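Taking it in order: structure first as structure tokens, then the write-up.
Bear in mind that the values in this text are calculations on the coordinates, not laboratory data. Given the structure is predicted, the values throughout are model-derived calculations rather than measurements.
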Amino acid sequence: MLKLFIGNKAYSSWSLRGWLAVRQSGLPFEEIVVPLYDEDWDKRREGDEFAPSSGKVPILWDDETVVWDSLAIIEYLADKTGRDRFWPADDAARAMARSMAAEMHSSFANLRREHSMNLRHRLPPRELSEGVQQDVVRILELWAEARARFGGTGPFLFSDFGAADIMFAPVITRFVTYSIPLPRFAVAYAEAVLTHPFMQDWLAAAQEEQWVIEKFEPQQAGKI
Ligand SMILES: N[C@@H](CCC(=O)N[C@@H](CS)C(=O)NCC(=O)O)C(=O)O
């Protein structure tokens, strides 16, 4: 059976992506949640389970096969269970979905650094830095284009829930946490992702979690 190691559900955005990917695969899996950055973290991340990723989550074990890094996990599961579960069938749509997922994976550092994921808070709006504003504009442009060209009849970027939505899910939660204003089409898209059953499960579990990582709590937000 698949075994997925993830970090705190309240804070770990890459874990959310890996976990959504495994849920989307439809395969049964065992989930192991480890508290990031607690007093045992440095020791724990040196354990055999984390060696291949050099101590990062998510990391997925499929018996002796291991795959780490959220995007690689998506591709591994798409190979294993069928590309159509993750990527649009149409060539042009798939090209765009893959580009968007890759851009999400490699970019938007300002948004990620200044507005860390925190699912237990809704903070009042505050002025965004120039870098974050640029990230938000680019993300909204990508969403708008995907929805306009390939949104079809479904509510997701490429009609059905898939890899691109998985990659942007923690961006959506940041928009909510930090009350970042969105145009109407993006509100509708965000709502579709947030009410997806997999997201609902994750959000509920994050609320239940007791671990607190001070550096990701609101008084420090923007400084990490
Ligand atoms: N590029 C990786 C990023 C993984 C990553 O940075 N994970 C963070 C948690 S969200 C982590 O494991 N941090 C622990 C550490 O670096 O000690 C991915 O896509 O999965």
With an 8 Å cut-off on Cα pairs and a minimum separation of 6 or more residues, tell me the relative contact order of the chain in percent.
25
Before anything else, pin down the relative contact order of segment 43-101: Cα pairs under 8 Å, at least 6 apart, normalised by residue count, whole percent.
17
Report, in deg cm²/dmol and to the nearest 500, the calculated mean residue ellipticity at 222 nm for the chain, where each DSSP H run with n ≥ 4 adds -39500 (n - 2.57) and the sum is divided by the residue count.
-15500 deg cm²/dmol
Subtract the Cα-Cα distance of ILE32 and ASP63 from 0.36 nm times their separation in residues, and report this length gain in nm to one decimal.
9.7 nm
Length-normalised contact order of segment 2-83 in % [C-alpha pairs under 8 Å, at least 6 apart]
37
Interchain or sequence-distant (5+) residues whose placed amide H lies within less than 5 Å of the amide H of LEU2 are GLU30
Cut-off 10 angstrom, C-alpha nodes, Gaussian network model of the chain. Which of ALA78, ALA206, ALA51 fluctuates the most?
ALA51
LYS80: which lysines have alpha carbons under 27 Å from its alpha carbon, excluding same-chain residues fewer than 8 sequence positions away?
LYS3, LYS9, LYS56
